[in-house]
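The values are calculated or read from the model by the stated rules, or taken from the named source; none is laboratory data. What you see is a predicted model; the values in this text were computed from it and never measured. Using ideal geometry, Cβ is built from the backbone for each residue, glycine included, and neighbour counts are taken over all protein chains shown. What goes into the accessible areas is simple: the full protein's heavy atoms, side chains included, and nothing from ligands, DNA or RNA. Shrake-Rupley method; radii C 1.70, N 1.55, O 1.52, S 1.80 Å.
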Amino acid sequence: MSVKPWAVAALTLVLARGLSASFFEVLPAAAFPADTPQVATVLGHDWGEDVSDPEQVAAYARFLAAAAPARVRLIDLGRSQEGRPLLMLAVSAAEHISRLEAIRADLDRLADPRRVPAAEIDILAARVPVVVWIGGSVHGDEPSGGEAALALAHLLAFGDSPEVHEILSGAVVILDPAQNPDGRARFLASLRQARGTRSDPEPASAEHVQPWPGGRFSHDLFDLNRDWFALTHPETEARVRALLAWHPSVAVDLHEMGADQGYFFAPPAEPHHPLITGEQKALWDVFGRAIAGAFDERGWRYWTREQFDSFYPGYGESWPLFNGAVGMTFEQASSRGMVTALKDGGELTYAQTVQHHLVSSFSTCLVAARQRERVVKAWHAFRRAAVADGGKGSTRGWVLEAGDDRDRARALAGLLARQGVEVSEVVTAAGSLQPGSFVIAAAQPLGRLARALLEPHAPMGDEFEGEQERRDAKRLPDQIYDITGWSLPLLWGVPVSPLAAIPAADGMRAVVAGESRPGRVVGAGRVAYLVRWNGPAAVRVLALLHREKVTVEAAGKPFTIGGQRFDRGCLVIRRSANPERLDERLESIARQSGVELVGVDSGYADAGIDLGSTSVKRLTAPRIALAWDTPTRASGAGHLRHALERTYGYPVTVVRTGALAQADLSRFDVVILPDAARGGYTRMLGEDGARRLGPWVRDGGTLIAVGEGAEFLTGEKVGLLASKPEKRGGGDGDAGKGSVEVKEKGKDEPKAETPAGKPFDYDTFVSPSDERPPSVPGAIVRVELDAERILAAGFPSGRVDVLVDSARVLQPLKLDQGVNVGIYAPAADLVRSGFMLKASRAQLPRKAYLMVQGHGRGRVIAFAEDPAARAFTVSSMLLLANAVFLAPAF
């Protein structure tokens, strides 16, 4: 058998340095000088011998920067939610590291084509190295990506081979080894606590099966690989800020998948977002073929163009795509520990998973360095085309209108600015543009990112959508990986309109990322101060008022005072009901919240109710319990907690779901059941736990249930919600059961016999008689609200757009059972953004989204879908606030 010369050389050098021969032998470039430090002296283990925890990752990053300062620069991004360091490494040739700021200045110029004459593009592209960003382990329980990023940093910092020097001379490689250190720490805790005297390859072993919530998620139980444009976490915020500063032309996100799945790399599956360019797709193929060659040479299994798409713009590979980079996801089969058994009888070790990511990442860097000018020019051309295309066509930009909530429009403008989009605030009226609105020009370097986030719909293509209908007809799973609708104006409830022309800069000011404006108190408020209930800022004011123990009320009906209209839900802070220093405390609250508090000198209304009306109710600070742990969906529980604690600033007590059956519920005013695994609450709480909820509700408690939590309450043995989940096509479902009921063979099934002369209806006959409705893959859907109800406060239009991402269809309540506060709109107005199968378009209209049913002195409030999903469903999140803070008083 012939042995490749590079393998012998690499193995010899590795053995000479005492490094793991079985690790670096997979690369021809694994050649190190005699004085190369040994990794085990820092990590305590060799490459692939153990999973490095976040502290070890950070320690080795710092060690590399200190040990190889000529090639390595440490970049401190900040801290995670739990306070762990967020570190990146810039690795390149000494001549590049010594002039990084000059390189970044050149890249800044190339990043904005408006600043670069065409004659200078070739000059700049010829002299700048290509920036390659490689991020690892954004899902904390996918550790091999971060380990591989560290190993690659080690190789580039100390390696001495032609390939290494080729990369160093042509590229600046930015390595981000711990995108989610908090999740990684949670995963490591689970893994280490479950270990025995040896690593167990059995997939059912506790080493491979994590307890709730698992290490995938952030501290707040968010999927950080969906957060890139929502920017809800310090980890994402810091990373986006860094990528805007470093301008990578290639961005790779390293992930893991099922143990038996081999390896995935670009090109991605269909659908591709329509704004991705032909050159970006061509470069996917260039990189993919190079990695395929490396894997073929080693006999490693891989696949492309299936399952993992590039459609949703909030991934770690797709958000850079809209900045002009070649964004790619690499997925490695996971060992979820040190070794796992495979279905074919073999085993997969952690060292192998790290090796595979190392080879794919190294190959990517090598191709980027060799194709440096092409890749840099493609990145620049994307941004140049964005500027050019933005000045053509009927839509030259967009205006965010203040509408009913100027604070919300300002916050959305700020979110866009924080990710590099140029936004201008209208200061003085210009034609139809009013002060307080915000203009985003399409003709800017990130115009395509702005378009992707602001326009209502991104088509997946008729052929792809038709294929999903065909697959549904055969009951095959769809090919959609994530949500299909994400339009921020729709989900935030901020009116947006296209602009045929961009007004002159006079009368506008640039929005600065991160800026905030203090609120103010207007008027003497001899009788009361009023706060419009119209968005997140108003809820934060209420949370601050409760914290300061200020007595506050809410109006159950609209009114007009002093020529100003105040809609249902308006907060009323009476001077007579509060102690001294009220003005001082309200001034402080206004500064913190950015909200305007309006003082009134009389309680007599010009129209509507007076402030002394019995429709104005006192609000008490609710004591909130949120079901936590199995069987809740971790992200669902996390979204709700994040909304209340982070977005609104109000404390929540999380209670293990298993303890709800024994907990003293009288200590809480509100209990929230998040979405959960199907049938999970029935199994976890049992009949006793379910029975304890009823008396607590009837005694005045507010029980809020979301998704499967709502379905649980419809069960016969619970009986707290008179709705029923529907089967596909309509009709009652199997409420509250853990699995679909199995019918007797032949019972209630269509018969094969047909009347004489009538053709046999095959499609009807083979259709299952008892099945869930088809899933809606994250579409934005219009909900009609009963605007007379306090649960609809803040929505005077009687409409809200919500995210639907499930197969759940709940029947509305009868009029004598409760109130359907929100129902899905008729078919013609139903889908606002995203994809929905025809079967869902036929079944979902006029079904229940938000219901309330009274029991004694209490109530059950049910949401069919998560109103706080991913923290970017800002508009529907206000419905959650209504349920928690307002409904108990009314």
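Scan segment 843-890 residue by residue and report those that are surrounded by fewer than 24 Cβ atoms within 10 Å (Cβ to Cβ), of a type in the set (Phe, Trp, Tyr) and either out of contact with any strand residue (DSSP E or B) (no Cβ under 9 Å at 6 or more places or on another chain) or part of a helix (DSSP H, G or I) (or both). If the condition is that a residue be surrounded by fewer than 24 Cβ atoms within 10 Å (Cβ to Cβ), of a type in the set (Phe, Trp, Tyr) and either out of contact with any strand residue (DSSP E or B) (no Cβ under 9 Å at 6 or more places or on another chain) or part of a helix (DSSP H, G or I) (or both), then no residue fits.
Pairs, please: C-beta under 8 Å, at least 6 apart or cross-chain, first residue surrounded by fewer than 19 Cβ atoms within 10 Å (Cβ to Cβ) and in segment 333-345, second hydrophobic (A, V, I, L, M, F, W, C) and outside any loop (DSSP other than H, G, I, E, B)? Going by the 8 Å Cβ cut-off, the qualifying pairs are Leu342/Leu348. When the criteria are applied in full, His208 meets the requirement of being crowded, with 21+ Cβ neighbours inside 10 Å, part of a loop (DSSP other than H, G, I, E, B) and not hydrophobic (A, V, I, L, M, F, W, C). Would it be correct to say that Ser723 is over 33 Å from the mean Cα position of the chain (by Cα), among the hydroxyl-bearing types (Ser, Thr, Tyr) and either open to solvent by less than 20 Å² (accessible area, probe 1.4 Å) or more than 17 Å from Ser806 (Cα to Cα) (or both)? So Ser723 does not fit the description; no.
Residue-by-condition table, conditions (1) more than 25 Å from Arg374 (Cβ to Cβ); (2) β-branched (Val, Ile, Thr); (3) outside any helix (DSSP H, G or I); (4) modelled with pLDDT of 95 or more:
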position: Arg239; (1), (2), (3), (4): yes, no, no, yes
position: Ala245; (1), (2), (3), (4): no, no, no, yes
position: Ala251; (1), (2), (3), (4): no, no, yes, yes
position: Ile276; (1), (2), (3), (4): no, yes, yes, yes
position: Trp284; (1), (2), (3), (4): no, no, no, yes
position: Ile291; (1), (2), (3), (4): no, yes, no, yes
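Which condition from (1) surrounded by fewer than 23 Cβ atoms within 10 Å (Cβ to Cβ); (2) touching a helix residue (DSSP H, G or I) at 6+ places or on another chain (Cβ under 8 Å); (3) in a loop (DSSP other than H, G, I, E, B); (4) not aliphatic (A, V, I, L, M) is the one that Ser394 breaks? Of (1) surrounded by fewer than 23 Cβ atoms within 10 Å (Cβ to Cβ); (2) touching a helix residue (DSSP H, G or I) at 6+ places or on another chain (Cβ under 8 Å); (3) in a loop (DSSP other than H, G, I, E, B); (4) not aliphatic (A, V, I, L, M), only one is false for Ser394: (2). Residue under question is Phe187, and the condition is that it be within 22 Å of the chain's Cα centre (by Cα), part of a helix (DSSP H, G or I) and aromatic (Phe, Trp, Tyr); does it hold? Criteria met by Phe187. Contact map, segment 647-671: residues that are in contact (Cβ under 8 Å) with a residue 60 or more places away in the chain paired with residues that are open to solvent by 20 Å² or more (accessible area, probe 1.4 Å) and assigned to a loop (DSSP other than H, G, I, E, B), Cβ distance under 9 Å, separation 6+ or inter-chain. Pairs shown: Thr647/Thr232; Tyr650/Ala621; Asp669/Thr620; Asp669/Ala621; Asp669/Arg623; Asp669/Gly700; Val670/Arg623. Among the criteria (1) under 28 Å from Arg471 (Cα atoms); (2) touching a Leu at 6+ places or on another chain (Cβ under 9 Å); (3) open to solvent by 30 Å² or more (accessible area, probe 1.4 Å), the one Gln811 does not fulfil is (2). Hey, any hits in segment 478-493 for a residue that's exposed (fewer than 14 other Cβ atoms within 10 Å of the Cβ) and modelled with pLDDT of 95 or more? No: zero hits.
The strands (runs of 3 or more DSSP E) found entirely in segment 584-701 that carry 2 or more residues being open to solvent by less than 30 Å² (accessible area, probe 1.4 Å) are 596-600, 616-619, 624-628, 670-673. Scanning segment 458-473 for residues that are closer than 18 Å to Tyr762 by Cα and either open to solvent by less than 40 Å² (accessible area, probe 1.4 Å) or in contact with a Phe, Trp or Tyr (Cβ under 7 Å, 6 or more places away or on another chain) (or both) returns a single hit, Asp472. Close contacts from segment 833-856, counting a first residue that is closer than 16 Å to Arg799 by Cβ and a second that is open to solvent by less than 20 Å² (accessible area, probe 1.4 Å) and part of a helix (DSSP H, G or I), with Cβ to Cβ under 7 Å and a gap of 6+ residues or different chains, come to Leu850/Leu791; Leu850/Leu879. For Gln179, the conditions (1) surrounded by 24 or more Cβ atoms within 10 Å (Cβ to Cβ); (2) without any contact (Cβ under 8 Å) to a residue 40 or more places away in the chain; (3) of a type in the set (S, T, N, Q) are fulfilled apart from (2).
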